[in-house]
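This report concerns only the one structure given below.
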Amino acid sequence: MTDAFVVFVRFEEKLLLLKRGESDGDFPGLWDGVWGVADTQEEVIQRVSDSTGIPVESLKHV
């Protein structure tokens, strides 16, 4: 089953928010988490890594 997701990355008391581009077709200029569609937890973690530059080894699903 393929599921859509939104991930919010937290480090201690800090929360990473990403700002959508002004040319975004759905929600231009708004703040968001990392989003996508995936079949497995590993795919979600890889998407977060690709979007943020945080190494996969440094990410943990909670």
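Laboratory data are not the source of any read-out in this text; all were calculated from the coordinates shown. Everything quoted here is computed from the prediction, not taken from an experiment. No Cβ is skipped: glycine too gets one built from the backbone with ideal geometry, and neighbour counts run over all protein chains shown.
Mind listing which GluC sites (Glu not before Pro) in the chain are in a DSSP loop and have 10 or fewer other Cβ atoms within 10 Å? Could the numbers behind the result be given before it?
On the way: sites: E12, E13, E22, E42, E43, E57; in loops: E12, E13, E22.
Answer in residue order: E12, E13, E22.
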Checklist outcome for this item: When the charge dipole of the chain is computed with +1 at the Cβ of Lys and Arg and -1 at the Cβ of Asp and Glu, the Cα pointing farthest to the positive end, of G25, S58, G36, is that of S58
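State to the nearest 20 debye the size of the charge dipole of the chain about its Cα centre, where the only charges are +1 on K and R beta carbons and -1 on D and E beta carbons. Please list the in-between numbers first.
Working: 6 positive and 12 negative charges, 44 e Å.
For the chain, the charge dipole is close to 220 debye.
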Checklist entry - Of S49, S23, how do they rank once you tally other Cβ atoms within 10 Å and put the fewest first? => result S23, S49
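What net charge do the residues around A38 carry, taking every other residue with its C-beta under 10 Å from that of A38, with Lys and Arg at +1 and Asp and Glu at -1? Don't skip to the end; give the middle numbers.
On the way: positive: R47; negative: D3, D39, E42, E43.
Charge balance near A38 sits at -3.
I need the chymotrypsin sites (Phe, Trp or Tyr not before Pro) found in the chain, filtered to DSSP loop residues with at most 13 other beta carbons within 10 Å of theirs. Please list the in-between numbers first.
On the way: sites: F5, F8, F11, W31, W35; in loops: F8.
Within the chain, the qualifying chymotrypsin sites (Phe, Trp or Tyr not before Pro) (loop, at most 13 other Cβ atoms within 10 Å) are F8.
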Item to check | Convex hull volume per residue in cubic angstrom - Cα atoms of the chain | outcome: 88 Å³
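What is the sum of charges around S49, taking Lys and Arg as +1, Asp and Glu as -1, for the other residues whose C-beta is under 14 Å from the C-beta of S49?
On the way: positive: R47, K60; negative: E42, E43, D50, E57.
That sum, taken over residues with Cβ under 14 Å, equals -2.
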